[in-house]
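Participant: Take a look at this one; I'll ask things after.
Derivation of every value follows stated rules applied to the coordinates shown; laboratory data play no part. In this text, all values refer to a predicted model and were calculated from it rather than measured experimentally. We place every Cβ from the backbone using ideal geometry, glycine too, and count neighbours over all the protein chains shown.
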Amino acid sequence: MTRGPGSNNRAVSNEQAVMAALAARGFEFVDPGAMTVAEQIRSFAEATVIVASHGAALANLAFASPGSTVVELFPAGNAVPDYWKLACGVPGLTYRYLLGLGEDKGADRSRMLVTDIEVDIDALNLLLDQLG
């Protein structure tokens with residue numbers, strides 16, 4: 001899932017590399033911000049694996065199907081439990097997270113909300129391999 005362009009929105013700074021790695025695994029890309037609510041619900045319900053940066057679009061996990069998996073991406077050193085808690089309410093949903101590369105700027109929610117994410121491609125591939 002892409003967040004689309006914009007500054008200070010936890011954009012994935014190496015999104016093209018992430019998309020290439022995921023495309024090689026057969027992933028399709030969606031931008032929930034450009035979709036209707038019905039399209040978002042359908043997209044999450046039909047997905048078997050969701051890879052997305054932390055953000056409001058992950059509220060759609062409520063519509064994920066049992067047996068699906070989500071990998072939430074965070075800036076370096078700044079994981080928060082918001083969508084993990086939501087994921088726990090979906091029967092059979094597997095939740096994992098991946099911290100981004102870079103300096104840990106401290107666990108400050110307000111700073112995290114505007115920090116871009118550099119995804120460690122090797123770590124993402126390893127995590128996806130472990131998930132099967």
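Participant: Averaged over all directions, how much area does the convex hull of the C-alpha atoms of segment 15-131 cover when projected, in nm²?
Facilitator: Across all orientations, segment 15-131 yields a mean hull projection of 7.1 nm².
Participant: Another question, then. Can you give me the angle between helix 37-46 and the longest principal axis of the chain, using Cα atoms only, in degrees from 0 to 90, rounded to the nearest 10?
Facilitator: 80 degrees
Participant: With a 10 Å Cβ neighbour count serving as the proxy for reagent exposure, in which order, fewest first, do V80, V70, V114 appear?
Facilitator: V114, V80, V70
Participant: Any idea what the relative contact order of the chain is, in percent, if you count C-alpha pairs under 8 Å spaced at least 6 apart?
Facilitator: Relative contact order of the chain: 28 percent.
Participant: I've got another one for you. Can you tell me which of 42-55, 116-129 comes out highest on packing, and rank the rest after it, using the mean Cβ neighbours within 10 Å? Write down the numbers at each step before the final one.
Facilitator: Numbers: 42-55: 18.8, 116-129: 16.3.
Final packing ranking: 42-55, 116-129.
Participant: Specify the angular offset, from 0 to 90 degrees and rounded to the nearest 10, of the alpha carbon long axis of helix 121-131 from the longest principal axis of the alpha carbons in the chain.
Facilitator: Orientation of helix 121-131: about 30 degrees from the principal axis.
Participant: Report, for segment 15-131, the % of DSSP beta bridges that are antiparallel, rounded to 5.
Facilitator: Values: 0 of 11 bridges.
Within segment 15-131, antiparallel bridges account for around 0 percent of the total.
Participant: Once fully extended, how much extra length lies between T48 and D129, figured as 0.36 nm per residue of separation less the alpha-carbon to alpha-carbon distance?
Facilitator: Residue separation times 0.36 nm, minus the Cα-Cα distance, leaves 27.7 nm.
Participant: Using the count of nearby Cβ atoms within 10 Å as a rough guide to exposure, how do R111, R10 rank from fewest to most?
Facilitator: Ascending number of Cβ neighbours within 10 Å: R111, R10.
Participant: What 222 nm value per residue comes from the helices of the chain, counting each DSSP H run with n ≥ 4 as -39,500 (n - 2.57) and dividing by all residues, nearest 500 deg cm²/dmol?
Facilitator: Value at 222 nm, helices only, nearest 500: -8500 deg cm²/dmol.
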